[in-house]
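These notes concern the structure reproduced below.
The values are calculated or read from the model by the stated rules, or taken from the named source; none is laboratory data. These numbers were taken from a predicted model, which means no experiment stands behind them. Glycine gets a Cβ as well: all are built from the backbone with ideal geometry, and neighbour counts include every protein chain shown.
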Amino acid sequence: MRKTMAATAAIAVSLTGASVAAHADERGPVRGPRPISVELSVLGTYHTDAFDESAAEIVAHDPDTQRLFVVNAAAATVEVLDVSDPEEPTKLFDLETAGVAAADGSTVAEGGVANSVAVHDGVIVVAVEAEDRTEPGWVVFFGADGVPLNALRVGALPDMATFTPHGRALLVANEGEPSDDYTADPEGSVSVVRMSGDPRGLTQDDVDTADFRAWDEGRELHSGVRVFGPDLSTEEPGTPGRVARNLEPEYISAGARGTAYVVLQEANAFAVLDVGAAEFTDIVPFGVKDHLESGNGLDASNRDGEARIENWPVYGMYQPDGFDTYRWRGRTLLVTANEGDSRDWDGYSEEERLGSLAADTPLCEDSPRLRDFLADNDQGIGTVDELLDDANLGRLHVSAEDGLREDGSCYEDVYAHGGRSFSIWTADGERLFDSGADFERITAEADPDHFNANNDESSFDARSDDKGPEPESAVVGRVSGRTYAFVGLERVGGVMVYDITDPRSAFFVRYLNNRDFSAEPGTREAGDLGPEGLTFIEADDSPIPGVPVLAVANEVSGSTSLFRVDRVVPGRR
């Protein structure tokens with residue numbers, strides 16, 4: 001069904017009536033239907049009118065001033081928006097990072113790129129990468145008036161910054177990606193900045209660095225943690241080794257008990273950080289999703305001409321990007337958006353289409369998993385050649401690094417990037433819930449003509465061979481005593497809402513896509529394209545007293561939209 005909201009034809013699906021069919025998959029139909037728990041409605045949108053230039057990436061909210069801070073990576077600035085009237089968000093000014101003097105004597109470079117923004121108690125922090133991303137970057141501190149207060153040097157490619165709950169520390173994920181030609185590969189790390197009083201008094205001595213060198217020095221690394229690709233480490237004393245260079249912190253969620261969790265996306269793992277000691281205490285693999293299992297189907301081809309969600313002999317590496325944490329029965333749980341990501345640089349790439357990969361190194365025809373699939377499947381596929389047809393698995397992007405038999409003669413298993421889902425995990429890596437094939441099924445029902453569309457064109461089935469709807473970011477929010485996950489879909493667009501009050505029986509509530517496929521991408525009429533960063537504004541902090549608000553920054557359309565989050569009582573409208 002379609003609703004017109006603001007000037008955009010927004011697509012909405014909820015778990016009532018016909019949409020029960022969208023939630024029914026190989027696991028069987030939903031028993032119910034369940035009542036709608038929350039409703040999303042568009043309040044207002046701020047437009048940069050910069051199409052496909054990363055003009056709205058990460059968004060943070062300050063409840064004291066009712067301002068949003070939105071990273072405009074293309075301009076290397078942060079735009080400050082007044083959302084005291086959320087129906088009419090208005091730009092106030094920019095936070096300019098270039099030229100700010102840092103405590104170590106350096107100056108934030110003109111060519112730096114803003115990657116992240118965080119706010120706590122009137123202090124705004126912007127993470128900025130160096131012009132050469134393999135060099136150390138900065139975090140720049142601003143006051144509420146937009147005047148720069150200080151800057152500190154952090155690791156290479158600071159990609160995400162967040163404060164601990166009480167603001168005692170600032171945590172910065174230094175991704176440490178290699179150069180395009182892979183001749184330089186800095187180590188990944190997390191900078192821990194001890195916040196004490198006025199940020200103008202901070203010095204470089206207030207920055208501690210948590211690194212992964214212990215795992216190069218004999219600490220056992222779990223076999224499920226992916227460490228792969230070129231090894232540029234040296235044997236010189238005091239230099240980082242292969243593991244320290246290979247692991248790339250992507251996103252951080254800080255708990256209230258001195259522990260933070262750090263996603264290592266390409267490694268398909270997360271690290272546990274002792275904030276007080278500025279040390280990693282563990283690295284936990286996420287494992288893989290079996291797309292042969294009931295409920296875990298996927299559409300694997302962009303050349304099959306239909307929304308065809310089937311079970312395939314493929315493992316999906318969860319590889320989340322954005323995630324959040326919440327407490328349940330005294331335990332910390334991780335809520336992950338399982339985007340998937342490969343190492344794909346000019347000097348090295350692990351990514352290849354399965355058909356091309358198998359042309360060079362074949363699939364192992366004696367693999368029990370492959371043999372059983374070819375003997376009994378619903379698609380009528382009986383040979384490897386049929387399996388590798390472009391309409392089946394031939395075009396699926398997979399990893400050349402995983403699944404190879406020990407002697408290198410053939411591929412025993414097939415590994416794709418991402419889970420096309422969101423998951424809930426315990427802090428020791430036990431998966432309590434995964435949304436399975438829900439995202440592809442629900443979006444197929446919402447708009448069959450634009451299933452697995454891309455975010456820069458009104459296409460059909462353009463992303464099935466890659467990562468499907470590509471869940472990018474997940475945030476957790478409380479509404480009237482219940483807990484919800486809000487998950488942004490980077491490609492087709494929109495936000496999925498799940499009730500995760502009991503993580504063992506989480507369920508789909510609503511999908512809203514503030515996008516009009518009939519309008520030309522790049523125009524305001526097309527709506528929001530490429531949701532990248534989500535922020536949930538609690539009812540007590542909201543610009544609408546007592547009503548939560550969801551803020552979504554959209555990378556491709558360069559727009560930032562605010563959504564009202566209302567509790568819906570069954571039988572009452």
Notebook entry, point to check: Of S464, S473, S518, which residue is in a loop (DSSP other than H, G, I, E, B), closer than 20 Å to Q319 by Cβ and of a type in the set (S, T, Y)?
Noted result: S464
Notebook entry, point to check: Given (1) over 13 Å from N246 (Cα atoms); (2) in contact with a helix residue (DSSP H, G or I) (Cβ under 8 Å, 6 or more places away or on another chain); (3) in a loop (DSSP other than H, G, I, E, B), where does V193 come up short, assuming only one miss?
Noted result: (3)
Check: Quick one: is V509 within 15 Å of F422 (Cα to Cα), crowded, with 23+ Cβ neighbours inside 10 Å and more than 20 Å from the chain's Cα centre (by Cα)?
Finding: yes
Next item on the list: Filter the stretch 264-285 down to residues that are over 24 Å from R168 (Cα atoms) and of a type in the set (F, W, Y), then give me how many there are.
Entry: 0
Check: Which residues, taken from the stretch 196-208, are in a strand (DSSP E or B) and surrounded by fewer than 21 Cβ atoms within 10 Å (Cβ to Cβ)?
Finding: D208
Next item on the list: Considering only residues that are crowded, with 17+ Cβ neighbours inside 10 Å and acidic (D, E), look in the stretch 209-221 and name the one that is nearest to A102 (Cα to Cα).
Entry: D211
Check: Counting only residues that are of a type in the set (D, E, K, R) and within 12 Å of P313 (Cα to Cα), how many does the stretch 349-373 have?
Finding: 3
Next item on the list: Taking only the stretch 107-150 into account, find how many residues are under 21 Å from D64 (Cβ atoms), more than 27 Å from the chain's Cα centre (by Cα) and surrounded by fewer than 17 Cβ atoms within 10 Å (Cβ to Cβ).
Entry: 5
Next item on the list: Within the stretch 110-130, track down each residue that is closer than 18 Å to Q204 by Cα and either part of a loop (DSSP other than H, G, I, E, B) or of a type outside the set (A, V, I, L, M) (or both).
Entry: E129, A130
Checklist line | Qualifying positions in the stretch 234-245 - assigned to a loop (DSSP other than H, G, I, E, B) and surrounded by 17 or more Cβ atoms within 10 Å (Cβ to Cβ) | finding: P240, G241
Next item on the list: From T183, T162, grab the single residue that is surrounded by fewer than 24 Cβ atoms within 10 Å (Cβ to Cβ), over 17 Å from G238 (Cβ atoms) and under 23 Å from the mean Cα position of the chain (by Cα).
Entry: T162
Margin query: I need the strands (runs of 3 or more DSSP E) fully contained in the stretch 307-397, keeping only those with at least 2 residues that are surrounded by fewer than 20 Cβ atoms within 10 Å (Cβ to Cβ) and modelled with pLDDT of 95 or more.
Written below: 323-328, 331-337, 351-353
Notebook entry, point to check: Among the residues of the stretch 402-438 satisfying the criterion of being hydroxyl-bearing (S, T, Y) and in contact with a strand residue (DSSP E or B) (Cβ under 7 Å, 6 or more places away or on another chain), which is farthest from S473 (Cα to Cα)?
Noted result: Y411
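Table: residues versus (1) surrounded by fewer than 19 Cβ atoms within 10 Å (Cβ to Cβ); (2) part of a loop (DSSP other than H, G, I, E, B).
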position	(1), (2)
H61	no, no
F69	no, no
A74	yes, no
P86	no, yes
L95	no, no
G105	yes, yes
Checklist line | Residues of the stretch 211-268 satisfying the condition of being basic (K, R) and modelled with pLDDT under 95 | finding: R257
Next item on the list: Could you please tell me which pairs satisfy a Cβ distance under 8 Å, a separation of 6+ or placement on different chains, a first residue in the stretch 291-302 that is within 13 Å of D378 (Cβ to Cβ), and a second residue that is of a type in the set (K, R) and part of a loop (DSSP other than H, G, I, E, B)?
Entry: S294/R27
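Yes/no matrix, rows are residues, columns are (1) within 27 Å of R510 (Cα to Cα); (2) acidic (D, E):
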| position | (1), (2) |
| --- | --- |
| D390 | no, yes |
| G394 | no, no |
| A400 | no, no |
| H417 | yes, no |
| S435 | yes, no |
Check: Just a yes or no: is a residue in the stretch 227-236 closer than 24 Å to S473 by Cα and in contact with a Gly (Cβ under 7 Å, 6 or more places away or on another chain)?
Finding: no
